[in-house]
Amino acid sequence: MAVTDIAAPESEVDTAKAERAHAIRRWLGNSGVVIGGTLFILILLATLIGPWLVQHDPFDQSLVKRLRPPVWSGGSWDNVFGTDHLGRDYLARLLWGGRLSLLIGFCTILVAAVFGTTIGVLAGYFGGRIDFFVRFFIMVRLAMPAVLIALAIAFIAGPSLTLLIMVLGLLLWDRFAVVARATTLQLRNSEFVTAARAMGCSNLMIIRRDILPNILNQLIVIATVELANAVLIAAALSFLGLGVQPPLPDWGLMIAEGKQYILFSPYLITLPGLAMMLLVLAVNLLGDGIRDVTDPEAKGR
């Protein structure tokens, strides 16, 4: 009897270790997670640490150094990526621009996720009139093109970084609401939720402890997709002069400033465009990988 009691916990420990090892192999075996995650981490580290390692200030101007080519086009190692039309170091501006783009993206997703998830979970859990009004609200939002609405608001209210984040956050919440509502509808009548109600748990406690943890994976996937959208829309607004304003470095603004030099200094457009492409590619690959790994059908493989 004692041998059986000792062997049972050891068997449970071995099973837990095997499940953890299987989960690690599943995550590391997904090319989207590995490639996208590695690329995203490299971009994140470059934007966070890079500006402190570059010796040039992204705001320092020098007309003597204007439009110096990058080092692979005959430029000097003092300005590896060359300089812009005001003589500012382009590498420093790229790194600071990436930091600003990621800040806008993360803040936008935070606003959109909190708002969309809240109304989606409330609609799915309580149903009735709340669900009717939320569905109507979602349909109204889907009928409005996000880019045009953002353009109109930015044009009327004037360019502002805080306004840009709030506008994008309140325009990109619909997918969070749709996914949160659909998954909550599936979970609200499940056995563990019914058991929690029978034990006298409040609706808030059930939502916080039973509903939200079970829909978190789906929300993370949506967040990666919307992060890429937020970065692209913010860059488009900055390109049109309605987003980030000079002298702040932003990838969309850098493309707008360099478009008149495209024939003679194409790197002014190529470098920020390439940086934006790599960021969006990394986020999309990572989101697809997370979706594949967290798919319930894939967990048993």
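Remarks
- More than 35 angstrom apart: percent of Cα pairs within the chain: 36 percent
- Distance between modelled label sites at SER31 and LEU248, nm, 7 Å Cα→Cβ extension: 3.8 nm
- The range 175-210 and the range 11-71 have Cα centres spaced 36 Å apart.
- Length available on full extension from MET144 to ILE262: 0.36 nm per residue minus the Cα-Cα distance, which gives 39.1 nm.
- Rounded to 10°, Cα long-axis angle of helix 2-28 versus longest principal axis of the chain: 30 degrees
- Degrees, to the nearest 10: 212-239 long Cα axis against longest axis of the chain: 20 degrees
- Net charge of the neighbourhood of VAL193, taken over other residues with C-beta under 13 Å away and scored Lys/Arg +1, Asp/Glu -1, is +2.
- Fluctuation leader among ASN214, ASN229, ASN284 - the chain, Gaussian network, Cα springs under 10 angstrom: ASN214
- Here r is the Cβ-Cβ distance between LEU110 and VAL71 and R0 is 41 Å; the resulting FRET efficiency, rounded to 0.05, is 0.60.
- Comparing ILE104, ILE165, ILE206 in a Gaussian network model of the chain (Cα springs below 10 Å), the most mobile by mean-square fluctuation is ILE206.
- Solvent-accessible surface of the range 150-301, taken per residue with a 1.4 Å probe and all protein chains present: 49 Å².
- Shown for the range 171-231: the carbon plus sulfur share of the solvent-accessible area, taken with all protein chains present and a 1.4 angstrom probe, equals 58%.
- Pair THR270, LEU44: separation of 7 Å Cα→Cβ label points (nm): 3.0 nm
The values are calculated or read from the model by the stated rules, or taken from the named source; none is laboratory data. Everything numeric here is computed off the predicted structure, so don't read it as measured data. So basically every Cβ, Gly included, is an ideal-geometry build from the backbone, and we count neighbours across all protein chains shown. Please note that ligands, DNA and RNA were not included when accessible areas were found on the heavy atoms of the full protein model with its side chains. Shrake-Rupley method; radii C 1.70, N 1.55, O 1.52, S 1.80 Å.
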